Each structure stands twice: as structure tokens, then as C-alpha cells.
Amino acid sequence: MRNAFAAAVLAAALVAASVPAGAEEGYASLYPCLADLDGWTADDPEGMEMNMPGMSSVHATRHYEAEGREATATILVGNMAAAAGMGGGAAAAGMAHVETDEGKFEMREVDGFVTYVVFDKEERRGNVTVHLFTEDEGKTAIFALAFEGMGIDDGYELARRFDWQDIKKRVASLE
């Protein structure tokens, strides 16, 4: 089970780290959603827009640090968001909570959004994923917060410091 938790966190980190310099399109409009957080220092936001046959995505990301804790916030829109947002399938299957000695997978509805968290207890790190749109809204986008050095509830609270409604509104305005 630990490998599944580590794989989910690694996938979020790889998406966040795959930010080449150059393209500057719709992703820059998402930067204001990755706001400064009181008590945290942050790198400048970065982004990318990718279009190729059968795949398109826009993402913006920003890394934060505070007193031995780290977090990376990512907004991901398009085909890649569908793959990264795998918790939606678990929601459809009715799976809401799995816990072992090593980790935890948990789904919650928070402020009207379907969210899920994957958490490694020993490493005290995880990833909160927020589905920004429902299937019937016709867009695929997620907000994800990878975190280290804190518990699962602290990770959720940090994720809630971002304005999910504003993110959804900005994503909806992207072409």
C-alpha cells in the first residue's frame, strides 16, 4: 500500500515539476490563484500550456515553505487533469475511505467540491486533490496540493486557504 501512496504523491510532484520555460498563454491567468500565504515563503509561480494530438493541458504551479513544512500547489486543466484526478472514479465506485498502518485514502465533500487525499503516515506527506468541475459541466480541471511535514487535517486546511471558487471561475474562462 505504501507504494501506491508514494506513487500518487510522486505523480503530483512530476506534474508540478514539468514546467519548461517559454510558452506564456492562459496559464499566466491562473497565477493570481496561487496567492501568497501568511507564514509561508513562496517561489514565483510557473506554468505551461501544451497542445498536441490527443492531449492538451494548461497548468500553473507554485512551491511554498514554512518551518520545516513544504507544499506545492498546482492547477491542472485538460486531459492530464483527468488522469491526475483519479479519485473521481473512486467516488463513482462509492469508495470514501481506506486506511492502513502505512497510509490513508480519504474522500470528502468540502465546500461543494469533491476532494480526496492520499496520505503517507510515516513520511507525513500527502496530496489533496480538488475536482473543480463535475462531469456534466464539461471541463476537466483539478487543484492539487502536495504537502510534507504535516498531518492530513493540516494538509486539508492549507488547501482550503486557496480560493477554489475563484480557481474554477478562472479555469472556466480559459479557451
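Laboratory data are not the source of any read-out in this text; all were calculated from the coordinates shown. Quick caveat, the model's predicted, so the values are computed rather than measured. Glycine also receives a Cβ, built like all others from the backbone with ideal geometry; neighbour counts cover every protein chain displayed.
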Taking a cut-off of 30 Å between Cα atoms, list the lysines near K139, but don't count ones fewer than 8 places away on the same chain.
K104, K168, K169
Packing-wise, with mean Cβ within 10 Å as the measure, how do 70-78, 33-41, 53-61, 121-129 rank, highest first?
70-78, 121-129, 53-61, 33-41
Given R₀ = 25 Å, FRET efficiency for N79-W40 by Cβ-Cβ distance, to 0.05?
0.20
Gain upon complete extension [A96, S29; 0.36 nm per residue less C-alpha separation]
20.8 nm
